[in-house]
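Visitor: So that we are looking at the same thing, I have put the structure below in structure tokens.
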């Protein structure tokens with residue numbers, strides 16, 4: 001179908017929206033129901049920005065203020081850029097608002113609003129507290145703007161503080177606010193996805209994913225751009241194949257063909273589309289853009305290259321400086337580019353209309369010319385006040401000016417660290433250390449800064465090799481000591497061999513003599529039971545040395561931090577000194593930790609005393625730590641680690657409502673931190689057993705036991721080992737299970753960790769007795785009774801009585817031990833273990849025809865029902881049926897009480913699975929992990945008596961009402 005090249009001259013976009021009507025309807029509906037969060041996801045060039053513009057112009061948006069901001073590809077160490085961009089012009093609106101003093105914290109961030117903001121606040125000593133105050137101020141200002149739609153674009157490039165603020169805002173979204181988050185799904189970080197995973201029930205939420213246009217829609221879009229009635233099916237199909245259905249590619253191809261004067265003169269040949277991760281610019285876009293630019297004047301080409309190098313909106317003077325053209329030539333070339341539609345104006349600056357077009361032009365600039373342009377760009381951005389250090393460093397690097405790049409990057413990383421953007425500091429420093437020529441001592445200094453920044457990131461990168469490389473050259477003692485220490489710290493975060501961690505710590509000690517805060521930290525770390533071969537005596541020696549060094553630290557906050565680590569380790573050994581240290585920490589902090597290090601101390605002790613069985617104290621310490629992390633210490637990493645301990649405590653105390661969902665979220669959050677993730681993995685595996693998902697439980701409990709041993713997380717081992725032994729014994733596999741868990745018993749012996757490990761002794765005794773090891777089990781119990789006497793081991797009375805119950809020959813005698821154990825568990829606040837002991841007591845009493853049997857059985861069943869412990873409930877119900885005890889509500893389904901029917905979430909997942917979606921696809925739509933989807937599907941199949949997804953599809957097709 002031939003078309004005149006002048007048709008619809010100058011048009012580069014369609015005047016009407018094509019192929020996105022349903023998505024627009026969903027987007028408008030979402031933002032019209034505040035509080036609401038709408039996610040708009042799609043690859044580059046798919047039409048996200050156009051859809052947002054259509055939403056903004058929709059009649060239903062009348063009466064709502066729309067503010068927008070976007071992240072930039074070249075990031076600056078100045079955080080919260082998208083929010084600053086959105087709020088800059090709101091001064092007139094805020095002048096009529098009543099703002100509290102906390103919004104004065106925004107004066108430094110938003111100097112344009114200084115005239116309407118309250119006075120500046122006094123600076124705080126703590127960087128995280130400053131950040132929290134800033135977040136509060138931002139949230140209040142946004143709320144004060146009335147009915148508001150906040151659009152945040154290009155969040156795949158967002159800095160960490162923007163991500164943290166969005167998580168903070170969405171956790172308590174103002175009633176009159178809607179938020180639209182726009183990003184490329186394949187490039188966005190986990191933090192943005194997680195921010196929308198825990199929305200309150202009152203927040204309306206929709207997730208819109210833009211897909212490429214099909215051949216028919218591509219033809220309609222082409223006809224609209226060309227102002228024609230239609231195009232032939234062949235032409236539409238050919239255009240679709242060249243563009244891969246990307247609206248941007250369609251626009252660029254049509255613009256090129258129009259400039260050629262004959263739209264039918266399409267180049268021959270076919271190309272297959274690749275993922276953006278493999279190819280930034282689809283060939284159809286790249287070739288068409290470059291050919292369009294090649295048809296422009298020399299001045300226009302020079303300006304286009306300058307704009308492509310700069311990557312950010314730029315003023316005419318900057319474009320002239322970078323391109324090397326006169327102002328008159330720059331203006332003439334710029335006008336040509338604006339008319340062509342390649343560039344667009346934004347508030348007195350210009351930039352490429354589409355990022356893919358900019359990338360296409362940039363990729364076509366020869367190396368020498370490109371380096372020259374970057375050198376001019378570096379000089380140009382230095383004239384901006386304040387200097388955008390990130391841009392300067394970027395241009396210097398790509399100009400090949402590596403020494404200057406190192407200086408600029410060093411400054412940028414320092415600024416990022418000062419502002420709390422550790423992830424950005426890591427990115428900058430890693431780039432420098434991998435690619436710049438550096439003198440040995442400077443390499444050492446930069447590597448130390450990298451190590452400290454990486455240790456603060458929730459998902460630390462693999463940078464240990466850079467720290468090790470710095471150690472290979474001669475370094476001054478203090479630098480050498482810090483490098484060894486930081487290597488150990490990152491090894492621990494990444495789940496590396498505990499032996500390697502210990503060797504790095506040992507190497508650090510002697511070089512840190514003039515840094516007592518670090519030396520004491522290293523000694524406290526060496527006192528932690530992580531390496532299987534190290535004895536209790538050696539651990540205690542290091543803890544004693546750390547205690548001796550603490551008074552010389554001089555900084556009260558750092559002293560509290562180290563004392564917290566010492567107290568945590570001592571509690572695991574049952575050393576009573578931990579209690580006095582903890583009392584001292586609480587007294588010195590007034591019971592309220594304010595700094596990150598103080599929060600860490602409270603959390604560390606809470607975790608270990610929870611494992612030991614001091615649940616009430618753990619709850620108090622954790623509540624204080626969580627308050628400090630969420631309030632004064634607002635920072636994602638400390639709060640997330642508090643949530644991990646809270647997860648552990650909730651499991652131990654039997655408060656399981658919502659625990660599956662929280663476990664799934666934390667598993668996703670800690671994907672890059674094996675040593676922390678093991679806590680969530682342990683709880684997930686134990687819950688799989690209680691829920692009756694036995695195949696999953698058997699696999700995961702075995703794996704978690706092995707991983708915990710490999711990571712040196714011996715405090716957690718009793719939980720997973722207990723579940724593994726109980727299930728294996730029930731399946732007649734006790735001997736194999738004892739072989740697997742033998743290594744754990746050896747470690748507990750070596751390190752004196754029985755005050756924690758005594759929790760697993762009942763399951764050990766049951767398994768050992770089941771394979772004829774009655775005498776061996778009795779010897780273990782007798783020895784532990786003596787060993788634990790005088791140590792702080794709150795679980796010991798309950799667990800040892802429970803274990804004796806498994807070994808008592810007389811049925812009534814065994815029942816008495818089980819009942820004594822149940823009462824002791826009650827005093828601790830451990831309902832799940834108490835119910836197990838009561839069920840076992842009832843079995844013994846029924847076998848002895850003792851009339852007391854029914855009462856403990858009913859109590860056990862009630863507890864199992866309340867907890868939702870289906871595996872245990874099934875077993876107890878069988879015992880009840882055997883002896884004629886009536887049981888009510890066998891499957892309560894948790895607090896909602898769905899019984900044998902499906903819960904709303906189970907129904908939702910069942911229908912999606914029946915429709916053919918994978919676990920991952922279901923998880924992405926529902927914002928849960930594939931593991932959680934698998935568990936829900938297991939429950940669905942069990943309730944419906946089905947064995948496979950195929951059977952589920954048939955069942956739903958035949959009897960959908962049966963749900």
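Visitor: Which residues, counting only those in region 137-159, are within 22 Å of the chain's Cα centre (by Cα) and either part of a loop (DSSP other than H, G, I, E, B) or surrounded by fewer than 17 Cβ atoms within 10 Å (Cβ to Cβ) (or both)?
Guide: 154, 158, 159
Visitor: Which of the helices (runs of 4 or more DSSP H) contained wholly in region 760-819 include at least 3 residues that are farther than 21 Å from residue 727 by Cα and without any contact (Cβ under 8 Å) to a residue 60 or more places away in the chain?
Guide: Of the helices (runs of 4 or more DSSP H) lying wholly inside region 760-819, those with at least 3 residues that are farther than 21 Å from residue 727 by Cα and without any contact (Cβ under 8 Å) to a residue 60 or more places away in the chain span 774-787.
Visitor: Right, something else. Within region 319-349, track down each residue that is outside any helix (DSSP H, G or I) and surrounded by fewer than 23 Cβ atoms within 10 Å (Cβ to Cβ).
Guide: If we filter region 319-349 for residues that are outside any helix (DSSP H, G or I), which is where we start, we get 324-326, 341-349.
Answer for region 319-349, where residues must be outside any helix (DSSP H, G or I) and surrounded by fewer than 23 Cβ atoms within 10 Å (Cβ to Cβ): 324, 325, 326, 341, 344, 345, 346, 347, 348, 349.
Visitor: From 451, 444, 400, 481, which residue is at pLDDT 90 or above, in a loop (DSSP other than H, G, I, E, B) and touching a helix residue (DSSP H, G or I) at 6+ places or on another chain (Cβ under 6 Å)? So that I can check it myself, show each step before the final result.
Guide: On the way: 451 fails: in a loop (DSSP other than H, G, I, E, B); 444 fails: in a loop (DSSP other than H, G, I, E, B); 481 fails: in a loop (DSSP other than H, G, I, E, B).
Testing whether each residue is at pLDDT 90 or above, in a loop (DSSP other than H, G, I, E, B) and touching a helix residue (DSSP H, G or I) at 6+ places or on another chain (Cβ under 6 Å) leaves just 400.
Visitor: Please enumerate the residues belonging to region 31-67 that are closer than 16 Å to residue 183 by Cβ and within 25 Å of the chain's Cα centre (by Cα).
Guide: 37, 38, 39, 40, 41, 42, 43, 44, 48
Visitor: Given the options 110, 83, 94, name the one that is touching a strand residue (DSSP E or B) at 6+ places or on another chain (Cβ under 9 Å), farther than 19 Å from residue 595 by Cα, surrounded by 14 or more Cβ atoms within 10 Å (Cβ to Cβ) and modelled with pLDDT of 85 or more.
Guide: 83
Visitor: Could I ask something else about it? Here is a list of conditions, (1) touching a residue at least 60 places away in the same chain (Cβ under 8 Å); (2) in a helix (DSSP H, G or I), and residue 639 meets all of them except one; can you say which number that is?
Guide: Result: residue 639 passes all but (1).
Visitor: Taking only region 205-245 into account, find how many residues are touching a residue at least 24 places away in the same chain (Cβ under 8 Å) and outside any helix (DSSP H, G or I).
Guide: Final tally of qualifying residues: 16.
Visitor: Residue 472: touching a residue at least 40 places away in the same chain (Cβ under 8 Å) and out of contact with any strand residue (DSSP E or B) (no Cβ under 6 Å at 6 or more places or on another chain), yes or no?
Guide: no
Visitor: Please go through region 57-94 and give me each residue that is without any contact (Cβ under 8 Å) to a residue 24 or more places away in the chain and within 20 Å of residue 34 (Cα to Cα), ordered by number.
Guide: Within region 57-94, 57, 59, 62 meet the criteria.
Visitor: Conditions: (1) surrounded by fewer than 18 Cβ atoms within 10 Å (Cβ to Cβ); (2) at pLDDT 95 or above. Residue 374 meets all but one. Number of the miss?
Guide: Unmet condition: (1).
Visitor: Taking the options 469, 517, name whichever one is surrounded by fewer than 21 Cβ atoms within 10 Å (Cβ to Cβ), out of contact with any helix residue (DSSP H, G or I) (no Cβ under 7 Å at 6 or more places or on another chain) and modelled with pLDDT of 90 or more. Steps first, answer last, please.
Guide: Working: 517 fails: out of contact with any helix residue (DSSP H, G or I) (no Cβ under 7 Å at 6 or more places or on another chain).
Criteria check complete, one pass: 469.
Visitor: Any residue in region 124-136 that is in contact with a helix residue (DSSP H, G or I) (Cβ under 9 Å, 6 or more places away or on another chain), in the same structural domain as residue 172 (by TED's automatic domain parsing) and closer than 19 Å to residue 181 by Cα?
Guide: yes
Visitor: Do we have any residue at all in region 891-906 that's at pLDDT below 65, within 29 Å of residue 671 (Cβ to Cβ) and part of a helix (DSSP H, G or I)?
Guide: yes
Visitor: Can you tell me which residue within region 95-136, out of those that are without any contact (Cβ under 8 Å) to a residue 24 or more places away in the chain and part of a helix (DSSP H, G or I), is farthest from residue 67 (Cα to Cα)?
Guide: 101
Residue-by-condition table, conditions (1) in a loop (DSSP other than H, G, I, E, B); (2) in contact with a strand residue (DSSP E or B) (Cβ under 9 Å, 6 or more places away or on another chain); (3) closer than 16 Å to residue 152 by Cα:
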site: 18; (1), (2), (3): yes, no, no
site: 27; (1), (2), (3): no, yes, yes
site: 49; (1), (2), (3): no, yes, yes
site: 55; (1), (2), (3): no, yes, yes
site: 75; (1), (2), (3): yes, no, yes
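Visitor: Given the conditions (1) touching a residue at least 60 places away in the same chain (Cβ under 8 Å); (2) under 30 Å from residue 444 (Cβ atoms), which single one is not true for residue 363?
Guide: (2)
Visitor: Only one of 557, 509 is surrounded by fewer than 24 Cβ atoms within 10 Å (Cβ to Cβ), farther than 30 Å from residue 744 by Cα and in contact with a helix residue (DSSP H, G or I) (Cβ under 6 Å, 6 or more places away or on another chain); which?
Guide: 557
Visitor: Can you go through 802, 806 and tell me which one is under 18 Å from residue 778 (Cβ atoms) and within 40 Å of the chain's Cα centre (by Cα)? Break it down stepwise before answering.
Guide: On the way: 806 fails: within 40 Å of the chain's Cα centre (by Cα).
Of 802, 806, the one residue that is under 18 Å from residue 778 (Cβ atoms) and within 40 Å of the chain's Cα centre (by Cα) is 802.
Visitor: Residue check, residue 601 against (1) crowded, with 17+ Cβ neighbours inside 10 Å; (2) in a loop (DSSP other than H, G, I, E, B), all met but one. Which one?
Guide: Tallying (1) crowded, with 17+ Cβ neighbours inside 10 Å; (2) in a loop (DSSP other than H, G, I, E, B), residue 601 fails exactly one: (2).
Visitor: Can you pull out the residues in region 542-558 that are assigned to a helix (DSSP H, G or I) and in contact (Cβ under 8 Å) with a residue 12 or more places away in the chain? Step through it out loud before you land on a result.
Guide: So the first thing to find is which residues in region 542-558 are assigned to a helix (DSSP H, G or I), and the list is 542-552, 556-558.
Hits for region 542-558 are 542, 543, 545, 546, 547, 549, 550, 552, 556, 557, 558.
The values are calculated or read from the model by the stated rules, or taken from the named source; none is laboratory data. Keep in mind that what you see is a predicted model, and the values were worked out from it rather than measured. Methodologically, a virtual Cβ is constructed for each residue, glycine included, from the backbone with ideal geometry; neighbour enumeration extends over all protein chains shown.
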